[in-house]
Amino acid sequence: MQNINAFSIIDCETLMAKAYTPIRFIIENLFAPGLHILAGAPKAGKSWMALWFCLQVAKGESVWGMPVEQGTVLYLALEDNENRLQNRLITLGDDAPANLFFSTQAPQLGKGLERELENFLDKHKDTVFIVVDTLQMVRPSTFEYGYAGDYKDLAVLRLIAQRHHIAMLLIHHLRKENSDDVFHQIAGTVAIQGAVDGCFTLTEEKRGGASALLSCIGRDIAYREISLKKNESQIWEMLRDSEDGEQKKDFLPERVAEFMEGRDSFKASPTELASLLSGSSGFEISPVTLLKRLDKNRWDLKNLGFSFQSRKSNGNRTITIFRLSETKGQEGQLDGQPAGA
């Protein structure tokens, strides 16, 4: 009998030798494929924000200057009706993309929700984003309370998101009790934070006001705080982003692209490659930090048409920079292979 829980083992050397393209974000630096939760107080503007996210992704338009991956979107508006949805769409700008779908009703977890989601995803294979508004509406009244129940319910949805490489966003509530850590105010046990790939909380500066703070943390994103103000069209506009003062542009990807002009691939030791990349750029590239910087800038490298691979043999490390081909590979793997591979 096959053991479905058997280990899938890979040795460290093989792992380090693999080349991976960057994580494919649905909304860059916010939502990667996986399960996410957006929590806030009742009537804080969570649904307006989620609906705007859906519109932007369906149209392929940026969110606060961050690019999106355009595709089909499903919004389960389980606390609304079609008339209210229409009114909100008109308020947000009267856009009507044909690849944005709605449902105001859905079965609960364990009672058909999983099947309905799978059916939709099988029919719309270009789906990239699903919103469930709210999580509580799809949890059965007899669900198991406590850590185990929270984790089990969310694990089911996370598996669907991962299997189809989509971002799924659950709208949820905050507890009334204050906490030094805003994520600890998410209703339920800490299993909710543990089971999802990203946590987002929307907290108003003043109840019923137009200003709020979006706090973000996740497996694939660093902690950040985005200050927002709601305009007359009920769209949350960005005022400040904590990342703005922390991130500085790294010139390395552009330097790699310049160096690789006319080349399909190039292999060298970190010391030799760092020296060649430094060249006449006016900046010294340290061989000690070269591999970390290449890894940190995978996405920019990919956008310029390049990736890299690192190997260590007999105690000596080599780095291969190569041009990406147009062939599509497995999710998270290389989109292309180095010339001659």
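The values are calculated or read from the model by the stated rules, or taken from the named source; none is laboratory data. For clarity, every value in this text was computed on a predicted model and none was experimentally measured. Here the Cβ positions follow ideal geometry from the backbone for every residue, glycine too, while neighbour counts run over all protein chains shown. Just so you know, the surface numbers come from the protein's heavy atoms only, side chains and all, with ligands and any DNA or RNA stripped out. Shrake-Rupley method; radii C 1.70, N 1.55, O 1.52, S 1.80 Å.
Could you tell me whether region 129-146 includes any residue that is among the charged types (D, E, K, R), under 18 Å from residue 58 (Cα atoms), touching a residue at least 12 places away in the same chain (Cβ under 8 Å) and out of contact with any Lys or Arg (no Cβ under 6 Å at 6 or more places or on another chain)?
Within region 129-146, the subset among the charged types (D, E, K, R) is 133, 139, 144.
So of that shortlist, the ones also under 18 Å from residue 58 (Cα atoms) come out as 133.
After this cut, where a residue has to be touching a residue at least 12 places away in the same chain (Cβ under 8 Å) as well, the list is 133.
Cutting the leftovers down to out of contact with any Lys or Arg (no Cβ under 6 Å at 6 or more places or on another chain) gives us 133.
There is at least one residue in region 129-146 that is among the charged types (D, E, K, R), under 18 Å from residue 58 (Cα atoms), touching a residue at least 12 places away in the same chain (Cβ under 8 Å) and out of contact with any Lys or Arg (no Cβ under 6 Å at 6 or more places or on another chain).
Mind telling me which of the residues 221, 186, 217, 192 ends up being buried (at least 18 other Cβ atoms within 10 Å of the Cβ) and either farther than 22 Å from residue 79 by Cα or out of contact with any strand residue (DSSP E or B) (no Cβ under 6 Å at 6 or more places or on another chain) (or both)?
The match here is 221.
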Restricting attention to region 225-254, and to residues there that are crowded, with 17+ Cβ neighbours inside 10 Å and either modelled with pLDDT under 90 or closer than 30 Å to residue 290 by Cβ (or both), which single residue is nearest to the chain's Cα centre (by Cα)? 241
Of the residues in region 51-67, how many are at pLDDT 95 or above and part of a strand (DSSP E or B)? 1
Quick one: would you say residue 269 is more than 30 Å from residue 215 (Cα to Cα) and modelled with pLDDT of 90 or more? yes
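When region 83-104 is examined, which residues are found to be part of a loop (DSSP other than H, G, I, E, B) and under 26 Å from the mean Cα position of the chain (by Cα)?
So in region 83-104, the residues part of a loop (DSSP other than H, G, I, E, B) come out as 93-99, 104.
Of everything in region 83-104, those that are part of a loop (DSSP other than H, G, I, E, B) and under 26 Å from the mean Cα position of the chain (by Cα) turn out to be 93, 95, 96, 97, 98, 99, 104.
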Of the numbered conditions (1) part of a helix (DSSP H, G or I); (2) without any contact (Cβ under 8 Å) to a residue 60 or more places away in the chain, residue 13 satisfies every one except a single condition; which is it? (2)
Please enumerate the residues belonging to region 51-86 that are within 15 Å of residue 230 (Cα to Cα) and open to solvent by less than 10 Å² (accessible area, probe 1.4 Å). 51, 53, 63
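Find the residue count for region 298-341, including only residues that are of a type in the set (D, E, K, R) and at pLDDT below 50.
In the first step, residues of region 298-341 are kept if they are of a type in the set (D, E, K, R); the result is 298, 300, 302, 311-312, 317, 323, 326, 328, 331, 335.
Pick out the ones that are also at pLDDT below 50 and you get 326, 328, 331, 335.
Looking only at that region, the number is 4.
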Return only the number of the condition from (1) closer than 19 Å to residue 47 by Cα; (2) in contact (Cβ under 8 Å) with a residue 60 or more places away in the chain; (3) open to solvent by less than 30 Å² (accessible area, probe 1.4 Å) that residue 173 does not satisfy. (3)
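Criterion first (touching a Lys or Arg at 6+ places or on another chain (Cβ under 6 Å), open to solvent by less than 50 Å² (accessible area, probe 1.4 Å) and under 30 Å from residue 285 (Cα atoms)) does residue 202 satisfy it?
On the way: touching a Lys or Arg at 6+ places or on another chain (Cβ under 6 Å): yes; open to solvent by less than 50 Å² (accessible area, probe 1.4 Å): yes; under 30 Å from residue 285 (Cα atoms): no.
Here the answer is no, as residue 202 does not meet what is asked.
When you scan region 35-50, how many residues do you find that are farther than 16 Å from residue 228 by Cα and either of a type in the set (S, T, N, Q) or surrounded by 21 or more Cβ atoms within 10 Å (Cβ to Cβ) (or both)?
The first filter runs over region 35-50 and keeps only residues farther than 16 Å from residue 228 by Cα, leaving 35-37, 42.
Narrowing further to those that are either of a type in the set (S, T, N, Q) or surrounded by 21 or more Cβ atoms within 10 Å (Cβ to Cβ) (or both): 35-37.
Looking only at that region, the number is 3.
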Only residues that are of a type outside the set (Ser, Thr, Tyr) and over 19 Å from residue 41 (Cα atoms): list them for region 209-230, please. 218, 219, 220, 221, 222, 224
Which condition number in (1) under 18 Å from the mean Cα position of the chain (by Cα); (2) part of a loop (DSSP other than H, G, I, E, B) is the one that residue 110 fails? (1)
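In this structure, does residue 157 turn out to be open to solvent by less than 30 Å² (accessible area, probe 1.4 Å), within 13 Å of residue 76 (Cβ to Cβ), in a helix (DSSP H, G or I) and not aromatic (Phe, Trp, Tyr)? Reasoning before the result, please.
Details: open to solvent by less than 30 Å² (accessible area, probe 1.4 Å): yes; within 13 Å of residue 76 (Cβ to Cβ): yes; in a helix (DSSP H, G or I): yes; not aromatic (Phe, Trp, Tyr): yes.
The answer is yes for residue 157.
Can you tell me which residue among 104, 91 is under 19 Å from residue 136 (Cβ atoms), in contact (Cβ under 8 Å) with a residue 24 or more places away in the chain and of a type in the set (S, T, N, Q)? Walk me through it before giving the result.
Values: 91 fails: under 19 Å from residue 136 (Cβ atoms).
Residue meeting the stated conditions: 104.
Within region 226-272, work out how many residues are polar (S, T, N, Q) and touching a residue at least 24 places away in the same chain (Cβ under 8 Å). Write out each step before concluding.
Going residue by residue through region 226-272, those that are polar (S, T, N, Q) are 227, 231, 233-234, 242, 247, 265, 269, 271.
Now narrow it down to the ones that are touching a residue at least 24 places away in the same chain (Cβ under 8 Å): 233-234, 265, 269.
Adding up the residues that qualify gives 4.
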How many of the residues in region 289-326 are among the charged types (D, E, K, R), part of a strand (DSSP E or B) and either crowded, with 17+ Cβ neighbours inside 10 Å or in contact with a His (Cβ under 7 Å, 6 or more places away or on another chain) (or both)? 1
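Going through 232, 225 one at a time, which residue ends up being out of contact with any helix residue (DSSP H, G or I) (no Cβ under 8 Å at 6 or more places or on another chain) and either part of a loop (DSSP other than H, G, I, E, B) or among the aliphatic types (A, V, I, L, M) (or both)?
Numbers: 225 fails: either part of a loop (DSSP other than H, G, I, E, B) or among the aliphatic types (A, V, I, L, M) (or both).
Going through 232, 225 in turn, just one is out of contact with any helix residue (DSSP H, G or I) (no Cβ under 8 Å at 6 or more places or on another chain) and either part of a loop (DSSP other than H, G, I, E, B) or among the aliphatic types (A, V, I, L, M) (or both): 232.
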